[in-house]
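The values are calculated or read from the model by the stated rules, or taken from the named source; none is laboratory data. Keep in mind it's a predicted model, so treat the numbers as computed, not measured. Using ideal geometry, Cβ is built from the backbone for each residue, glycine included, and neighbour counts are taken over all protein chains shown.
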Amino acid sequence: MPRRGTLPTVLTGVFITMLDFFIVNVAIPTTQRDLHAGAAAVEWVVAGYGLAYGSGLVLGGRLGDLFGRRRMFAVGLTLFTLASVVCGLAPDIGTLIAARVAQGASAALLSPQVLAVLRTAYHGTAQARALSAYAMTMGLAAVFGQIIGGVLIQADLFGLGWRACFLINLPIGVAALVMTGRVVPESRSADTVRLDVGGAALVTLGLVATLLPLIEGREQGWPLWTWLSFAVAAALLIAYGRRRHESPLIDLTLFRERAFTAGLLTQLAFTMGMAAYFLIFALYVQEGRGLDALQAGLIFTPIGAGYLAASLLAPRLTARLGRQTIALGGLTRAAGLTALLVAVAWDAPIGWLVPMLVADGVGMGLALAPIMGTVLARIAPRHAGAAAGILTTAQQVGSAIGVGIVGIVFYGDPSAGVAGAFRHGLVYLIVVTLAVAALVQVLPRTAAPARTPAPAAT
């Protein structure tokens, strides 16, 4: 049974793990100068976190099923807090990147336990409210991460500068860890679970082999190893597809369901445009418009306001429009980004960007808030749990890949300047956002019936 502090405690873990994906964006310019980092290193600071986070999520969930959700939440929270301290004290960019990967891996262990705790500790309307609070927490952390980062950098607590964005996790993590043992109930799966460690290794190495050339290839002139890396990635992922295990990380039979395949591609397209946008927009307003970290953080406020308003409206719209609410979000966001592209080309005053940023936030809220529920409602009930885990993984992996791709576009033409690079990045973002609206149309029109699955043939 949950206690009074159960929900705030587990949501604190969700908040700091999601926050740390985005809080670094406004800190990138000062971090880059302080640690003498190149463009590829900057991308790794963001994408390394997302890659480790995404590739470890399903395995992290299995560890919670096997050893206990509260225990794995506590272990993940402890490791995340320690990795945050290493990030905050990093003497060079290599140490920072390694600590960011450790942060992502720790987040992958922590995060799946939160949904499991909410599903086992709460029931009925209480569970619905808890899951709504979970979704709201993730969205607010993503959108307001830049604002929080800007405030911390501007405050320059104890002369820490950008390092405070990571060290702030120490008191928060310790407080949440103390509360975990007191208020979070323990639970584990009643089913027999075997860890597919070999499968996890194949998937992780395949994703690394994909992301490595995306980030390093442009800076090194696309040497032969980058193309070999793509080939190795394909071979590793194919090897996983042919592998057999009684408890596979990814149930490949899911891909027989059109709702899952279309939903997965929609999720990937959306997240490939979200983290990438936050990164290059933060670089543009600081390096191209001369804003300091606090001002850069505050310019994200209109996006946050639009996102929050649309998130509250999305459930009612989804009840009326169904999957087209996601398409409406994609089109709204594409319109906002197109207007932003024109404004940047005209070098419009920074205040003129506010309506476009609000529209962008509204589009994000309309698309992101209902996407998981809309997709899962169209998947057979027996596959819902596995599909949710893979769709959540796609959020993080898509973010990492999106950062890698946008880096190629943003840094591809050094003569374009920051404003020109940002315009190039916006074109990429408009394309993937329109892809969201198109891919949603492939989803089945109606939800899957809530029937009891037939027994397996023997």
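Can you pull out every residue in segment 311-350 that is among the small types (Gly, Ala, Ser) and modelled with pLDDT under 90?
Taking segment 311-350 as the starting set, the residues that turn out to be among the small types (Gly, Ala, Ser) are 311, 314, 319, 322, 327, 329-330, 334-336, 339, 343, 345, 348.
Scanning segment 311-350 gives Ser311, Ala314, Ala319, Gly322.
Listed residues Pro213, Pro185, Pro223; which is under 24 Å from Val45 (Cα atoms) and surrounded by fewer than 17 Cβ atoms within 10 Å (Cβ to Cβ)?
Values: Pro213 fails: surrounded by fewer than 17 Cβ atoms within 10 Å (Cβ to Cβ); Pro185 fails: under 24 Å from Val45 (Cα atoms).
On inspection, the qualifying residue turns out to be Pro223.
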Taking segment 297-343 and the residues there that are free of Cβ contacts under 8 Å to residues at least 24 places away in the same chain and either crowded, with 20+ Cβ neighbours inside 10 Å or basic (Lys, Arg) (or both), the one that is farthest from Trp162 (Cα to Cα) would be Arg320
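Got at least one residue in segment 56-77 being of a type in the set (Asp, Glu) and either on the phi > 0 side of the Ramachandran plot or touching a Phe, Trp or Tyr at 6+ places or on another chain (Cβ under 9 Å) (or both)? Working first, answer last.
Within segment 56-77, the subset of a type in the set (Asp, Glu) is 65.
Going one step further and asking which of them are either on the phi > 0 side of the Ramachandran plot or touching a Phe, Trp or Tyr at 6+ places or on another chain (Cβ under 9 Å) (or both), we end up with none.
Scanning segment 56-77, I find no residue that is of a type in the set (Asp, Glu) and either on the phi > 0 side of the Ramachandran plot or touching a Phe, Trp or Tyr at 6+ places or on another chain (Cβ under 9 Å) (or both), so the answer is no.
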Condition check for Leu207: surrounded by 19 or more Cβ atoms within 10 Å (Cβ to Cβ), without any contact (Cβ under 8 Å) to a residue 24 or more places away in the chain and under 25 Å from Ala37 (Cα atoms):
no
Only one of (1) assigned to a loop (DSSP other than H, G, I, E, B); (2) among the polar types (S, T, N, Q); (3) within 25 Å of the chain's Cα centre (by Cα) does not apply to Thr210, and that is (1)
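Have a look at Thr446, Thr393 and point out the one that is farther than 28 Å from Gly221 by Cβ, modelled with pLDDT under 85 and surrounded by fewer than 19 Cβ atoms within 10 Å (Cβ to Cβ).
Thr446
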Per the list (1) closer than 15 Å to Val184 by Cβ; (2) touching a Cys at 6+ places or on another chain (Cβ under 9 Å), residue check on Gln113 breaks on (2)
